[in-house]
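These notes are about the structure you will find just below.
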Amino acid sequence: MPTQQRIDRQWAWQPYLPDRDRPWNLQRVGHLYRRAAFAASWAELQQALHDGPKKTVDRLLTPGPDYESFHRSMEEVAALIAKGDNSIHLRAWWLARMCRTPFPLLEKMTLFWHNHFATSNAKVNHVGYMLQQNQTLRRFALGSFAEMLQAISKDPAMMIWLDTHLNKKGRPNENYARELMELFSLGIGNYTEQDIREAARAFTGWEIRDGKFHFNPAEHDDGEKTVFGRTGRWRGEDIVRMCLEHPACSRFLARKLFRYFVSETLDPEPDLLEPLAQRLRHSQYQVGEAVRMILTSNIFYSEHAYRARVKSPVEFAIGILRALEGQPNAVALANALENLGQRLFYPPSVKGWDGGPAWLNSTTLLARNNLAQALVSGEDPQFGSRCDPVLVLRKYGRQSEEQGLAFFLDLFLQGDLAPDARQRLAGYLRESEQFRWPAYWSDQDRREHRLRAVCYLVLTQPEFQLA
């Protein structure tokens, strides 16, 4: 359960300035990249150490010169996937995008919104619509939440998921009005059942024609409706706008962003969240401004946030691949992540995945370990050697086995490993020299096998499960 602590809000949201007690070091760089970019390669860690926090956050929030060409190439593939209507290819496409993108924070935020506006293809049953929603989430991921909320309300996948397309005059369906208020903008306790009933009437006449939103005035209830104490001949767009104008909206979104970027275990008091909520209101809900405020704040780099989130299965896998600069078999990865409990485009309910400790149990931990081994061992028939730790060691000039162990500990854990655990890993290297190896293996074959095994063991440490 989240714990509530009294934290000085003025200190919390002041910009983090490195000093002797809180230096800009490998631990804080790794923390930033885990939260904002899945993970960092060794080159990215070193660049961030050199640049400092402000310049690094600026870079993470900026598309960069290679992004447009990358985006165009991925959209060309997406068009083919939409025609093929194959859901496994859709999941593989997004995972490949997360792994390869030069703008990882955008994909991290698209993943955040996918869980916020949780829509499942199990009901939609239309890959093209699900892809269209994913593209909408990405387009607004770091932009205007106000524009996103209007766009997602008219999104065909969402309209099918919450039955908006069945909402007719005289027979209003309350599903979308309820979730718009409860899960998308306000939270429980900030609306009444009467608000939902009246708002549902405002969404009547919304249909899907030729794969797009269509308003049918003949099926719209044009009578007066009273929502949040305001009476008018409201339409659906008006209800969305009124939700955005509600004082609870900015606080609701601030809390969700805090949980995603800062801590799942800390229950922030309203007073602590108010400056972040205020930033959202004053910027007309520019999400990127709120994210920048979080990533540059004292509280983000404090003990309250450090390793205070459990990695989702996607974060776990993509973090390995981005750190090792690997290119996986994305279809195999999509299948593997389902065993870990996260099937993209198929959240378990309208509330999305619970996250936090719910990600971890004896079954999913074993599945995580098996996936880590499959990715880095070079022996799995599906993944092969596309994510080879030995190639990364060669790239960065680590020759000996001791150097390799130290490198993996810094790359994946930034040194966050108890001395006894470090000694056990070093002991494995010593003991493995006595193993019986195939007679045809060279000394180099044996050394590389041990290094891959050490990399795998680092990935199974409890600290690696935490973002």
| field | Options Leu106, Leu90, Leu80: the member that is open to solvent by less than 10 Å² (accessible area, probe 1.4 Å) and part of a helix (DSSP H, G or I) | value | Leu90
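Touching a strand residue (DSSP E or B) at 6+ places or on another chain (Cβ under 9 Å) and closer than 25 Å to Leu111 by Cβ: is that true of Arg59 in this structure?
When the stated conditions are applied, Arg59 does not pass them.
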| task | Determine whether region 380-387 contains at least one residue that is within 14 Å of Ala332 (Cβ to Cβ) and among the acidic types (Asp, Glu). | result | yes
| query | Of (1) within 17 Å of the chain's Cα centre (by Cα); (2) more than 14 Å from Leu90 (Cβ to Cβ); (3) free of Cβ contacts under 8 Å to residues at least 40 places away in the same chain, Ala141 satisfies all except one. Which? | reply | (3)
| Only one of Gly378, Gly356 that is in contact (Cβ under 8 Å) with a residue 60 or more places away in the chain and open to solvent by less than 10 Å² (accessible area, probe 1.4 Å) | Gly356
| request: Output the number of the condition that Thr226 fails; it satisfies all remaining conditions of (1) surrounded by 15 or more Cβ atoms within 10 Å (Cβ to Cβ); (2) in a strand (DSSP E or B); (3) touching a helix residue (DSSP H, G or I) at 6+ places or on another chain (Cβ under 6 Å). | output: (1)
| Out of (1) at negative phi; (2) buried (at least 19 other Cβ atoms within 10 Å of the Cβ); (3) within 25 Å of the chain's Cα centre (by Cα), what's the single condition that is false for Glu401? | (3)
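From the list Gln403, Gln327, exactly one residue is more than 20 Å from Phe464 (Cα to Cα) and modelled with pLDDT under 95. Which is it?
Gln327
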| query | Any chance region 288-298 includes a residue that's under 22 Å from Thr62 (Cα atoms) and without any contact (Cβ under 8 Å) to a residue 24 or more places away in the chain? | reply | yes
| message | Please go through region 267-287 and give me each residue that is surrounded by fewer than 20 Cβ atoms within 10 Å (Cβ to Cβ) and touching a residue at least 40 places away in the same chain (Cβ under 8 Å), ordered by number. | response | Asp267, Glu269, Asp271, Glu274, Pro275, Gln284, Gln286
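Checking the condition open to solvent by 10 Å² or more (accessible area, probe 1.4 Å), in a helix (DSSP H, G or I) and either within 30 Å of Arg450 (Cβ to Cβ) or at pLDDT 95 or above (or both), which residue from Arg343, Arg386, Arg368, Arg292 passes?
Just a single option satisfies the conditions, and that option is Arg292.
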| field | Residue, most open to solvent (accessible area, probe 1.4 Å), within region 1-58, restricted to residues that are under 28 Å from Gln278 (Cα atoms) and among the polar types (S, T, N, Q) | value | Gln10
| Here are Gln284, Gln278: which of them is outside any helix (DSSP H, G or I), over 21 Å from Leu45 (Cβ atoms), out of contact with any Lys or Arg (no Cβ under 6 Å at 6 or more places or on another chain) and modelled with pLDDT of 95 or more? | Gln284
| task | Look at Ile318 and say whether it is touching a Cys at 6+ places or on another chain (Cβ under 8 Å), in a helix (DSSP H, G or I) and either open to solvent by less than 10 Å² (accessible area, probe 1.4 Å) or aromatic (Phe, Trp, Tyr) (or both). | result | yes
| Just checking, which of Arg386, Arg450, Arg424 is touching a Ser or Thr at 6+ places or on another chain (Cβ under 6 Å) and of a type in the set (Lys, Arg)? | Arg450
| Do you know which residues across region 300-315 are of a type in the set (A, V, I, L, M, F, W, C) and open to solvent by 10 Å² or more (accessible area, probe 1.4 Å)? | Ala308, Val310
| Long-range neighbours under 7 Å by Cβ, at least six apart or interchain, first residue of a type in the set (Phe, Trp, Tyr) within region 187-198, second surrounded by 20 or more Cβ atoms within 10 Å (Cβ to Cβ) and at pLDDT 95 or above | Tyr191/Met181
| task | Quick one: which residue in Tyr67, Tyr33 is aromatic (Phe, Trp, Tyr) and out of contact with any Asp or Glu (no Cβ under 8 Å at 6 or more places or on another chain)? | result | Tyr67
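The values are calculated or read from the model by the stated rules, or taken from the named source; none is laboratory data. If you're wondering where the values come from, they're calculated on a predicted model, not measured in any experiment. Counting neighbours? That spans all protein chains shown, and the Cβs are built from the backbone with ideal geometry, glycine included. The area values use the complete protein model at the heavy-atom level, side chains included, leaving out ligands, DNA and RNA. Shrake-Rupley method; radii C 1.70, N 1.55, O 1.52, S 1.80 Å.
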